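See below for the structure under consideration.
The values are calculated or read from the model by the stated rules, or taken from the named source; none is laboratory data. Fair warning: this is a prediction, and the values are worked out from it, not measured in the lab. Virtual Cβ from ideal backbone geometry, glycine too; neighbours counted across all protein chains shown. Each accessible area value is taken on the protein alone, full model and side chains, heavy atoms only, with ligands, DNA and RNA left out. Shrake-Rupley method; radii C 1.70, N 1.55, O 1.52, S 1.80 Å.
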Number of protein chains: 2
Amino acid sequence: MPQILVVGSLAYDDVETPFERRRDVLGGAASYFALAARLYAPVRLVGVIGDDFRESDVERFHAAGVDTSGLERRPGRSFHWLGRYDYGFATAETINTDLGVFGDWRPRVPEAFADSEFVFLANIDPEIQLEVLSQVREPLAVALDTMNYWIENRRSALDEVLRKVDVVSVNEAEVRQLADTHNVLKAAREILARAPRAVIVKRAEHGAQLFMEDRSFWAPAYPLEDVRDPTGAGDAFAGGFIGHLARTGKADDATLRRAVLHGTVCASYAVETFSVDGIERATMPGVDGRIRVLEALVAP
Amino acid sequence: MPQILVVGSLAYDDVETPFERRRDVLGGAASYFALAARLYAPVRLVGVIGDDFRESDVERFHAAGVDTSGLERRPGRSFHWLGRYDYGFATAETINTDLGVFGDWRPRVPEAFADSEFVFLANIDPEIQLEVLSQVREPLAVALDTMNYWIENRRSALDEVLRKVDVVSVNEAEVRQLADTHNVLKAAREILARAPRAVIVKRAEHGAQLFMEDRSFWAPAYPLEDVRDPTGAGDAFAGGFIGHLARTGKADDATLRRAVLHGTVCASYAVETFSVDGIERATMPGVDGRIRVLEALVAP
């Protein structure tokens with residue numbers, strides 16, 4: 001079965017919503033991604049943790065079948081993030097970031113991981129995303145996430161990595177910023193013209209849209225009565241998306257469209273709870289049930 | 001063929017967006033609705049205009065086949081509205097409202113219109129919506145729009161009219177306010193429990209969702225590279241929605257779902273131009289082409 005490689009952050013999060021607060025809960029892009037993608041295919045995790053990272057949390061990845069042999073433990077503190085959501089629940093306000101050992105980390109992809117067919121470059125300095133790409137051989141599909149900071153401060157490295165990936169997964173504000181245009185449709189087309197095969201625009205409770213050269217595909221969000229914590233939605237989305245590609249071993253247009261539904265469902269598990277608890281508890285039969293709900297939602 | 005009745009405002013609008021400005025252009029909920037719905041079935045318009053209302057604008061309704069025998073011309077100024085959109089382009093800030101002859105108008109439905117099968121109660125005082133309903137006999141389906149002002153200031157009349165209509169068509173903020181709950185899904189269910197068969201939540205560039213007791217249906221927005229003026233989108237939506245019901249003569253669940261696509265397409269014509277120009281130029285073959293685009297957008 002094809003193997004999935006993810007390179008990105010593992011973190012402890014302090015998260016506040018208008019209704020609840022949690023401290024020191026497991027977070028980080030790679031955590032959410034790995035715990036979603038492992039539902040579909042074997043996942044290889046490359047990341048860095050500090051002295052304070054709980055062994056019980058490493059154990060959660062093992063229990064989920066994630067290969068943690070690419071996890072480096074270094075002296076110092078793990079990445080800590082403190083974020084707050086207002087009643088809009090859409091994007092977090094970052095109150096504080098303490099990069100810790102993540103700050104000067106340069107990931108090394110273990111030789112045994114270099115043959116991974118599907119790769120997710122989580123949100124990180126695009127220069128590091130380029131280094132990671134140079135350490136994998138011939139992946140069938142590479143997806144990347146990024147954020148406003150890199151768009152503003154690492155533009156040339158980001159442009160270079162954009163030319164080397166298949167799928168760019170961003171939110172509405174990021175796609176506008178990346179293309180420097182307000183209209184999301186125009187922005188997506190502008191980015192497609194630079195090379196990636198597909199651009200995914202994540203719209204939180206409004207769903208997600210996949211743009212490809214000759215066609216686009218719109219998936220509604222999974223309907224939830226209670227969203228507890230939106231943190232990690234985009235990374236769990238990427239996990240379901242890449243997971244579906246890996247499970248089928250394909251990356252053709254029809255598979256990409258179907259993968260958007262899987263991304264949507266994995267995101268729904270992530271936001272139902274604080275931290276990774278929801279996506280950690282998800283099962284494939286559960287995912288398939290939610291896929292059917294999404295299909296019914298757009299059926300005539 | 002079933003007849004459509006609309007009761008609501010005709011106005012002259014001053015509209016500002018970050019890019020353009022128009023003054024004294026034809027607007028008003030009933031104008032947008034009528035010019036959309038007439039694509040589908042005969043439309044009867046009940047409204048009030050002042051001395052300043054241009055005969056050439058009345059002529060536009062005639063040219064579009066709209067029955068204007070319920071249009072009253074009264075001494076005084078027509079309804080004037082001045083609205084402004086910021087870069088978000090989603091909801092207008094009302095800078096000024098001059099109700100003119102619309103202010104103390106009590107609509108009288110001509111006896112010849114009392115047999116209308118499909119009725120749209122555009123955004124107006126719910127007490128007036130109730131009076132209008134008392135003047136029609138046995139409509140097959142009635143839809144209503146409302147706004148925050150009536151939710152805050154005419155709650156009991158609004159609750160009463162909600163119990164008498166089939167479809168409530170509102171935006172996200174309004175559905176939350178109407179049910180006094182943040183989650184849109186919960187809010188829609190709460191309103192359904194009060195009596196209407198269906199609640200439509202309009203989400204601007206994110207599409208629209210139809211909620212019914214046992215099922216809901218999600219339509220993406222029609223993809224546009226240039227939105228010029230969002231004014232009238234909701235009323236053109238209602239025009240396409242009710243229009244499709246009238247054209248088919250049905251109001252079963254499957255027809256309601258399909259009608260949401262027609263509403264979406266009519267809204268897309270409205271927002272492509274300032275004023276009613278876009279929806280006035282729309283044709284049924286054009287609508288059908290856009291429906292196919294929407295179908296392709298969610299096709300696996």
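Observations on the structure shown:
- In the set (1) assigned to a loop (DSSP other than H, G, I, E, B); (2) in contact with a Pro (Cβ under 8 Å, 6 or more places away or on another chain), residue B:9 fails one condition alone, (2).
- Top-ranked residue of the stretch B:188-204 - restricted to ones that are among the hydrophobic types (A, V, I, L, M, F, W, C) and within 10 Å of chain A (Cβ to nearest Cβ), ranked as nearest to residue A:210 (Cα to Cα): B:204
- Restricting attention to the stretch B:175-187 and to residues that are of a type in the set (A, V, I, L, M, F, W, C) and within 11 Å of chain A (Cβ to nearest Cβ), the residue that is surrounded by the most Cβ atoms within 10 Å (Cβ to Cβ) turns out to be B:187.
- Test: residue in the stretch B:247-258 that is in contact with a helix residue (DSSP H, G or I) (Cβ under 6 Å, 6 or more places away or on another chain) and farther than 19 Å from residue B:117 by Cα: no
- If you go through the stretch B:12-31 and pick out every residue that is in a strand (DSSP E or B) and open to solvent by less than 10 Å² (accessible area, probe 1.4 Å), you end up with 5.
- Any hit, the stretch B:151-174, residues being among the aliphatic types (A, V, I, L, M), within 14 Å of chain A (Cβ to nearest Cβ) and touching a residue at least 12 places away in the same chain (Cβ under 8 Å): yes
- Of the candidates A:235, A:166, A:145, A:229, the single residue that is of a type in the set (Asp, Glu), closer than 22 Å to residue A:265 by Cβ and open to solvent by less than 10 Å² (accessible area, probe 1.4 Å) is A:229.
- Residue check for residue A:229: more than 10 Å from chain B (Cβ to nearest Cβ) and more than 23 Å from residue A:25 (Cβ to Cβ): no
- Counting residues in the stretch B:277-285 that are over 24 Å from residue B:93 (Cα atoms) and within 12 Å of chain A (Cβ to nearest Cβ) gives zero.
- Filtered by the rule that a residue be under 23 Å from residue B:37 (Cβ atoms) and open to solvent by less than 70 Å² (accessible area, probe 1.4 Å), the stretch B:90-111 gives B:92, B:102, B:105, B:107, B:109, B:110.
- Residues of the stretch A:263-300 classified as among the small types (Gly, Ala, Ser) and surrounded by 21 or more Cβ atoms within 10 Å (Cβ to Cβ), total: 7
- Unmet criterion (only one of (1) facing chain B (nearest Cβ under 8 Å); (2) under 23 Å from residue B:176 (Cβ atoms); (3) of a type outside the set (D, E, K, R)) for residue A:221: (1)
- Selection status of residue B:240, within 22 Å of residue B:299 (Cβ to Cβ) and either within 12 Å of chain A (Cβ to nearest Cβ) or crowded, with 24+ Cβ neighbours inside 10 Å (or both): yes
- Test for residue B:207: is it facing chain A (nearest Cβ under 9 Å), surrounded by 21 or more Cβ atoms within 10 Å (Cβ to Cβ) and over 24 Å from residue B:94 (Cβ atoms): yes
- Single residue of the stretch A:251-276 satisfying the filter (without any contact (Cβ under 8 Å) to a residue 12 or more places away in the chain and under 18 Å from residue A:3 (Cα atoms)) that is farthest from the other protein chains (Cβ to nearest Cβ): A:252
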